[in-house]
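Reading through the structure tokens given below for one structure.
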Amino acid sequence: MKLKQIIFFLFLSAVFVLKAEKTDSTHISFNGQITGWEITQLDNSVPWQLAGRFVPTLLGNFTLAPQSKIDFEASLNINGSVNFTGLKYDSVMGQFKPYRIWARYSGQNWEVRAGLQKINFGSAKLFRPLMWFDGMDVRDPLQLSDGVYGALGRYYFPNNANIWLWTLIGNKNPKGYELYGTAQWKPEIGGRYQMPAGPGQIALSTNYRKVQVPNPTSFDLLNEGRIGLDGKWDLGIGLWFESSVTFTDKQNQLIPTVSSIQDAWNVGADYTFGIGNGLGMTVEYFRYHLGQQFLTGGTTVNLIGTMLTYPVSMLDNLSAMVFYVPGPNLAYNYISWSRTYDNWSLYAIGFWNPNVPLTISQTQGKNMFSGKGIQLMVNYNF
């Protein structure tokens, strides 16, 4: 029996055995998410896609003492898509993999969590220099992202400062803006310290890993260090900045394809105008640089992003996003409507983009958001 089949069998067994168990100190629940969507590109060939996703989730909570507990989450990501051009079938893609498998031991002001989990932090909203371990895309209304295997500890101080420490292992695929994956069984270690700063907060983050770069015969292992600084303040309008600098020690100068410096910078602001039910506006500037020197040389990409949100009613929301790339003068435009019930969510998204893809997160499969088109999505949470 294959590993994925074993995982699925154990997951279902746990659901049927534990779903009904509930006491004063123990609570087990089963829920999940079912999503279906269709994307149509409105060009001459009319490419379109039908797709779906099922994320069953098992949650557990065990109280050990008045101020300590153990909880866990186990979930799967089962998804697939079929691509067409007009009435012609093109390709099919399917995935069956763990989505979250973690357990946490926590007290009044601390927690330790281990397993396949989501680790994300930072102040930015549209373009995230500190997207080190996740791949969330602001254009995704469900904000789903693959997790990482590892252990994370957090401690919260009385003055609202907090410290994070983590070690990751077994994550060989590139994460966030990484160009190369990590040596699978070499530990990746890091931490973050966040503290109050007037009417806001500021934080320093760092991470170290062994980068695995393919060469014609095997792999080169390179040392990589990262440092990030971010802060956010509420001064009537929300203001923030976020930055990340990555240093790669090439050691072997015969690897010209590897850049020594990767730096990313973001500044942003948001404000809610007193128009109707409240018009929210977010603006960010993002600069990404890759090269052999800090800030200069190599390749530089600049992005300016704007997001508008307006709650039409208790159920309906409208939003619009525009991402502009100076230089080539490319504009990526999205407008969406959503309606949310207790368990159901409906989405209609229109896009008007250049044929050059905009990559602001991890992407998989065929790019269906180039050109002009629409996406229809329905989501059910149970």
| remark: Being crowded, with 19+ Cβ neighbours inside 10 Å, under 25 Å from Leu303 (Cβ atoms) and either touching a Lys or Arg at 6+ places or on another chain (Cβ under 7 Å) or not hydroxyl-bearing (Ser, Thr, Tyr) (or both) narrows Phe133, Phe121 down to just Phe133
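Just to be sure I understand, how many residues within segment 141-157 are in a loop (DSSP other than H, G, I, E, B) and either surrounded by 14 or more Cβ atoms within 10 Å (Cβ to Cβ) or touching a residue at least 24 places away in the same chain (Cβ under 8 Å) (or both)? Please lay out each step first, then the result.
First pass over segment 141-157, keeping only residues in a loop (DSSP other than H, G, I, E, B): 141-147, 157.
Adding the requirement that they be either surrounded by 14 or more Cβ atoms within 10 Å (Cβ to Cβ) or touching a residue at least 24 places away in the same chain (Cβ under 8 Å) (or both) leaves 141-142, 144-147, 157.
The number of residues fulfilling the criteria is 7.
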| field | Looking only at segment 66-84, and only at residues there that are of a type in the set (Gly, Ala, Ser) and surrounded by 15 or more Cβ atoms within 10 Å (Cβ to Cβ), the one that is farthest from Ser25 (Cα to Cα) | value | Ser81
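Run down Tyr180, Tyr149, Tyr193, Tyr208 and say which single residue is modelled with pLDDT of 95 or more and under 22 Å from Lys97 (Cα atoms). Explain how you work it out, then say what you get.
Working: Tyr180 fails: modelled with pLDDT of 95 or more; Tyr193 fails: under 22 Å from Lys97 (Cα atoms); Tyr208 fails: under 22 Å from Lys97 (Cα atoms).
That would be Tyr149, the only listed residue that is modelled with pLDDT of 95 or more and under 22 Å from Lys97 (Cα atoms).
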| If you go through segment 306-318 one residue at a time, do you hit one that is in contact (Cβ under 8 Å) with a residue 40 or more places away in the chain and either among the β-branched types (Val, Ile, Thr) or surrounded by 18 or more Cβ atoms within 10 Å (Cβ to Cβ) (or both)? | yes
| task | Working carefully through the options Thr363, Thr359, find the one that is loosely packed, with under 13 Cβ neighbours inside 10 Å, modelled with pLDDT under 95 and within 25 Å of Ser123 (Cβ to Cβ). | result | Thr359
| said: When you scan segment 261-272, do you find a residue that is of a type in the set (A, V, I, L, M, F, W, C), under 18 Å from Leu130 (Cβ atoms), buried (at least 16 other Cβ atoms within 10 Å of the Cβ) and more than 21 Å from the chain's Cα centre (by Cα), even just one? | reply: yes
| request: Return the pairs, sorted by first residue and then second, in which the second residue is assigned to a strand (DSSP E or B) and of a type in the set (Phe, Trp, Tyr), the first residue lies in segment 44-63 and is on the phi < 0 side of the Ramachandran plot and surrounded by 15 or more Cβ atoms within 10 Å (Cβ to Cβ), the beta carbons are less than 6 Å apart, and the residues are 6+ apart or on different chains. | output: Trp48/Phe84; Ala51/Trp37; Val55/Tyr99; Leu58/Phe30; Gly60/Phe72
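Quick check on this structure: which one of Ser313, Ser336 is assigned to a strand (DSSP E or B) and at pLDDT 95 or above?
Answer to the check: Ser336.
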| message | Could you check segment 269-309 and list, in sequence order, the residues that are in a loop (DSSP other than H, G, I, E, B), of a type in the set (A, V, I, L, M) and either touching a strand residue (DSSP E or B) at 6+ places or on another chain (Cβ under 7 Å) or under 20 Å from Arg226 (Cβ atoms) (or both)? | response | Leu295
| request: State yes or no: is Tyr89 surrounded by fewer than 16 Cβ atoms within 10 Å (Cβ to Cβ) and of a type in the set (Ser, Thr, Tyr)? | output: yes
| Which residues, taken from segment 144-183, are touching a Pro at 6+ places or on another chain (Cβ under 9 Å), of a type in the set (S, T, N, Q) and closer than 24 Å to Thr248 by Cα? | Thr167, Thr182
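The values are calculated or read from the model by the stated rules, or taken from the named source; none is laboratory data. What you see is a predicted model; the values in this text were computed from it and never measured. Ideal geometry is used to build each Cβ from the backbone, glycine not excepted, and the neighbour counts take in all protein chains shown.
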